[in-house]
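Student: Can you read through this structure? Questions will come right after.
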Amino acid sequence: MIEPRSDSAFATWHGTTILTVRKGGKVVVAGDGQVSLGQTVIKHRAKKVRPIGDGSVIGGFAGATADAFTLFERLESKLEQYPAQLMRACVELAKDWRTDRYLRRLEAMMIVADKSASLVLSGTGDVLEPDGGVMGIGSGGNYALAAARALLETDNDAETIARKAMEIAADICVYTNREIVLEQLDAQ
C-alpha cells in the first residue's frame, strides 16, 4: 500500500479502501462506500469507483472527493490526448500533478486499470504497476491487499476475490464498510 504524504493536513485523513485484482482474463477495481469525517460516518454508499473516458479504463480513488474528481477529469483529458495508452496518460498526469502548483496540493490517490495494465497514481509522482496484479490503497488497503493475495491461490475469479477481500477489510478497518462498488473489464 502507498502511504499518504506526511504533511499534517494529509496525514490526518483516514478512510476508504480501493482494491484492484487481475485474474483469469478479468480486471476488477472495487471500493467501499463509506465517507468519514473524523470519527463520524457522513455517507454509506458513495461511489468511489467508476469507468473513465470511453469506458475502456476503470478507476477508484482514496482521498478528498473534490480532489479525486479533478484528477479523474485530468486523466480523461490525458486519455483523449493519448488514446489507448493508459501508462503514457498516467505518466503525463503524474508529471502535471507533481509540478503544477494547484495540482500538487490535491490530496488523493488513484488506482486505474485497462485491459493490459493496473496502475497506482500518487501526488508524489508515482505511477506504479503492482506485482501479481493486486494492489490496495486507502486506510483499509493493506487489509484488502493481504486478503486478495491469499485468495489469488484459490479457484475464485477476480470479482469474487475482490468482494471477499473488501469484506475482510471492512471487518478490520473502521473507515471501510461493506457497501462495495465494483467495476470490471476484460483483460489480456
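What follows is calculated from the coordinates using simple rules that are stated; it is not laboratory data. Everything numeric here is computed off the predicted structure, so don't read it as measured data. FYI the Cβ positions are ideal-geometry reconstructions off the backbone, even for glycines, and counts take in every protein chain you see.
Student: Relative contact order of the stretch 122-176, please, whole-number percent, based on alpha carbon pairs below 8 angstrom and at least 6 residues apart. Provide the component values of the computation, followed by the final result.
Tutor: On the way: 42 pairs, mean separation 20.4, N = 55.
Dividing the mean separation by the residue count of the stretch 122-176 yields 37 percent.
Student: Compute the separation of the alpha-carbon centres of the stretch 131-159 and the stretch 94-119 and state it in Å as a whole number.
Tutor: After rounding, the separation between the Cα centres reads 21 Å.
Student: Within the stretch 72-126, list the trypsin sites (Lys or Arg not before Pro) lying in a DSSP loop whose Cβ has at most 10 other Cβ atoms in a 10 Å radius.
Tutor: On the way: sites: Arg74, Lys78, Arg88, Lys95, Arg98, Arg101, Arg104, Arg105, Lys115; in loops: Arg101, Lys115.
Taking the stretch 72-126 and a limit of 10 other Cβ atoms within 10 Å, the loop trypsin sites (Lys or Arg not before Pro) found are Arg101.
Student: What FRET efficiency comes out for the pair Glu179/Tyr102, r = Cβ-Cβ distance, R0 = 41 Å, nearest 0.05?
Tutor: For R0 = 41 Å, the calculated efficiency reads 0.80.
Student: Once fully extended, how much extra length lies between Glu80 and Thr160, figured as 0.36 nm per residue of separation less the alpha-carbon to alpha-carbon distance? Kindly include the intermediate steps, with their values, before the conclusion.
Tutor: On the way: separation 80, 0.36 × 80 = 28.80 nm, distance 3.20 nm.
Extra length available between Glu80 and Thr160 comes to 25.6 nm.
Student: Counting only Cα atoms, I'd like the Rg/Rh figure for the stretch 7-100, Kirkwood definition for Rh. Can you show the working numbers first?
Tutor: Working: Rg = 14.7 Å, Rh = 14.7 Å.
So for the stretch 7-100, dividing Rg by the Kirkwood Rh gives 1.00.
Student: Quick check: residue separation of Ile172 and Asp131 times 0.36 nm, minus the Cα distance between them. What number comes out in nm? Don't skip to the answer; put the middle values down first.
Tutor: On the way: separation 41, 0.36 × 41 = 14.76 nm, distance 2.36 nm.
So the extension gain works out to 12.4 nm.
Student: Run the dipole for the chain about the Cα centre, Lys and Arg Cβ at +1, Asp and Glu Cβ at -1, nothing else charged, and hand back the magnitude in debye, nearest 20.
Tutor: Working: 22 positive and 25 negative charges, 60 e Å.
Charge dipole, the chain, about its Cα centre: 280 debye, nearest 20.
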